[in-house]
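Report on the following structure.
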Amino acid sequence: MAKQDGMKNASKPALQVIVLGSGGGPQEQNVTAFLVRSVRSGWTRGSIVALDAGVHLSAITRILEEAQPEGLGTHVTLPHILESGPFTGMEIRSTSASINASHVTRHLIDTYLITHPHLDHISGFVINTASLPGARPKRIAGLPSTISAFKTHIFNNIIWPNLSDENNGAGLVTYTRLVEGGSPALGEGDGKGYLEISEDLTVKVFSVSHGHCIERHAHRGSSASSRFGSIDVSPHTHTSPRGAQGSTAPSGPSPFLRSSAAGHQSAVQERESVCVYDSSAYFIRDAISGREVLMFGDVEPDSVSLSPRNLGVWQEAAPRIANGNLAAIFIECSYDDSQTDDRLYGHLTPRYIIQEMKVLATEVESVRQTPAKLETNKKRKRELEEVGRRSNRTIARSGGDDGPVSPKSIRPHRNSGSASVPSENGFDSPHIATPTAEMSLKDFEASASPSIPPRHTPNPLKGVKVVIIHVKERLTDGESPGSKILGELLEHEKDAQLGCEFIVSKSGQSFMF
C-alpha cells in the first residue's frame, strides 16, 4: 500500500530539509545544522528531526523573524499560519520569534541525529537542552562511538551537567545507539533495515572517515563499539573495513602507517598508533513515498583516507538513484581546490567531490546495467550448454572412453602426451589431466568469452541534487569561498559529465524533494 501511495504521489514533495547552519566555521552562528520532516506529517508534535545541531534555536529564531508578517498581533491576528519562508504552513501563537522558535524546539523536534561529536555539530543542542526542558526527553541518535563520546566527554558533569537518563543524570536526554548499515530485523522491502524515528521518517546510518589524529593511543572511535572498526590494516595491506573492492585508495600501508608502525608491529599495535575519526552518513527516508535524502557529516575522500569507507555508502545509494528514490546528497566541501592534501584535515574539496561522484556514477551505471547483464549471461549459458552437449555426442560417436561425461566437463584424451583429441568431425577437445578435474560452466564461460565492458551512459547522476555544506569562510576580501567552490565544481563537471546539479547551501534555505 505504501509503495502504491508513493507512486501516486511521486510528483508531490515528500521531504523538506531546512538549512539552519551551512558553514564549517569559523563564524559560530553558521555551523552545521539541519531540520528534516516528512511533508505529509505537517507541523505536528515530533514531526521534525534535527540532523546535527552546531547552531539551533538562534537559527530558527532568525528564520522566523524574517518570515513573520508585519503587524502580527495587531493587523494580523493570532494564532497565525505562516505564508512564507521555510516554516510555511506552521501555526504561530506569539508575536515573538524567539517564543515561536522555542515552541519548534520544545514540541516539534524530538530526535537529533548526530553525525559525529565535534563541537561545530553539537554545541547548539547541548546549550539549548538544559534551558528548554519539555514533557519528554530529547533523543540523541547516532553510532555507538558518538553516544560514547557524549557520555564520556560532554554530559559528564564537568564539561556540562549530565542531562541524560543514564548514570543518575537529569533525564532530559535519552540515547539511541544505531546499528551501522541498519538492523536486518527492522523494516520490510525497500525499507528493510531502516529505523523509524518519527511517524513518517526512517533512517539508516553508515560510518565514514573524517581524518586522523597523530596521538599514539588506543582508538577512541568505532573499533571499540561499532560493527566495523575505523582501522583495518596490517603491515602489508590497507583495505576498507567493509572489504569493498575498487577503492581508489593506494595499496599497501600509507606513509603515515609505515613511519608509526615500522612494518614490524602487530595489527593491535598499529591500531593503537593510528586513530581515525568516525563520522556518519544518514539515509533519511519518507516511509510512505520511499523518497530519500543522503546526508553526510564531515568526511574525507577515500583516495587519501587511512580507512576508506565511502564506497560502501555509494554502493548503498546507487540502487536508490537508479530507481529514482534518492533525490539529493548533502555533502561537505570545506575548501576550494587550492587546499593541499596535507591540510585537508579530514575534509573534501571540489576535485575530491567530483572524484567521489564518479565512483557513485560507476555504481549507478552498474546497477542500471544489471538486468541487461543477467539476460546476456542467461543467453551465453544456453549457448555453452548446447556446445557441451554437441561435443559429448561427437566424442561418443568416436568410440572413446565409456565412462559418464558431465555436460559441464570435456572428456580427457587417454594419451596424456597429446594436448587435444581430434574427432571425426574435426572437433578438438582440450586435454584435462583427470576425469574428475571438471571445468565449471562459470570457469568455461570466463575463459571462452571476454568480459562485457561497462557501458558509460551520459549523465548517470541526472536528477540528483548535490547540496554542498560545511563551507569554511576565509574572512578575506575577494570571491566568497562558496562561490569559488561552486565555480570549480561546474568546471570539473564539464569534463566529468555526471549530470547532477550542484548547489551551495545557505542558512535559511528550504529544499523540497
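Here are a few things to note about the model shown:
- Among the residues making up segment 109-138, a single one is open to solvent by less than 10 Å² (accessible area, probe 1.4 Å) and more than 30 Å from G211 (Cα to Cα): I109.
- Tallying residues that are under 14 Å from V464 (Cβ atoms) and either open to solvent by 10 Å² or more (accessible area, probe 1.4 Å) or modelled with pLDDT under 95 (or both) within segment 281-320 yields 3.
- Residue among G85, G124, G89 that is part of a helix (DSSP H, G or I), of a type in the set (G, A, S) and touching a residue at least 40 places away in the same chain (Cβ under 8 Å): G124
- Across segment 268-280, the qualifying residues are those that are touching a strand residue (DSSP E or B) at 6+ places or on another chain (Cβ under 7 Å) and of a type in the set (A, V, I, L, M, F, W, C), and the one among them that is modelled with the highest pLDDT is V276.
- From the list S47, S94, S58, the lone residue that is hydroxyl-bearing (S, T, Y) and within 25 Å of I329 (Cβ to Cβ) is S47.
- Just one of the numbered conditions (1) part of a strand (DSSP E or B); (2) open to solvent by 10 Å² or more (accessible area, probe 1.4 Å); (3) hydroxyl-bearing (S, T, Y) is not true of T32: (2).
- Positions within segment 101-143 being β-branched (V, I, T) and within 22 Å of the chain's Cα centre (by Cα), in sequence order: T111, I114, T115, I122, I140
- In segment 82-97, the residue that is farthest from F34 (Cα to Cα) out of those that are of a type in the set (S, T, Y) and open to solvent by 30 Å² or more (accessible area, probe 1.4 Å) is T95.
- Residues being at pLDDT 95 or above and acidic (D, E) are entirely absent from segment 426-443.
- Among residues of segment 173-196 that are at positive phi, those with a beta-carbon under 7 Å from a residue that is at pLDDT 90 or above and open to solvent by 70 Å² or more (accessible area, probe 1.4 Å) at least six positions away or on a different chain give the pairs G193/P184.
Residues checked against (1) crowded, with 19+ Cβ neighbours inside 10 Å; (2) under 31 Å from the mean Cα position of the chain (by Cα):
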{"residue": "G24", "(1), (2)": "yes, yes"}
{"residue": "Q27", "(1), (2)": "no, yes"}
{"residue": "V49", "(1), (2)": "yes, yes"}
{"residue": "A53", "(1), (2)": "yes, yes"}
{"residue": "H80", "(1), (2)": "no, no"}
{"residue": "I99", "(1), (2)": "no, no"}
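- Within segment 139-148, the only residue that satisfies the criterion of being among the small types (G, A, S), surrounded by 21 or more Cβ atoms within 10 Å (Cβ to Cβ) and more than 17 Å from D110 (Cβ to Cβ) is S145.
- The residues of segment 296-355 that are farther than 30 Å from T202 by Cβ and either β-branched (V, I, T) or assigned to a loop (DSSP other than H, G, I, E, B) (or both), listed by number, are V304, L306, Y335, D336, D337, S338, Q339, T340, L344, Y345, T349, I354.
- Some residue of segment 67-75 being in contact (Cβ under 8 Å) with a residue 24 or more places away in the chain, charged (D, E, K, R), open to solvent by 40 Å² or more (accessible area, probe 1.4 Å) and out of contact with any helix residue (DSSP H, G or I) (no Cβ under 8 Å at 6 or more places or on another chain): no
- The set of residues from segment 323-335 being of a type in the set (D, E) and open to solvent by 10 Å² or more (accessible area, probe 1.4 Å) is empty.
- E365 falls short on exactly one of the conditions (1) modelled with pLDDT of 95 or more; (2) within 30 Å of G193 (Cβ to Cβ); (3) in a loop (DSSP other than H, G, I, E, B), and that condition is (3).
Yes or no, residue by residue, for (1) open to solvent by 20 Å² or more (accessible area, probe 1.4 Å); (2) part of a loop (DSSP other than H, G, I, E, B); (3) modelled with pLDDT under 95:
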site	(1), (2), (3)
N162	no, yes, no
P184	yes, yes, yes
G193	no, yes, no
T202	no, no, no
F206	no, no, no
S209	no, no, no
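- Note on segment 164-182: residues that are small (G, A, S) and either over 22 Å from W314 (Cα atoms) or in a strand (DSSP E or B) (or both) total 4.
The values are calculated or read from the model by the stated rules, or taken from the named source; none is laboratory data. Not measured: the values here are computed from a predicted model. Heads up, the Cβs are rebuilt from the backbone with ideal geometry, glycines too, and the neighbour counts pull from every protein chain shown. The accessibility values were calculated without ligands, DNA or RNA, using every heavy atom of the protein model including side chains. Shrake-Rupley method; radii C 1.70, N 1.55, O 1.52, S 1.80 Å.
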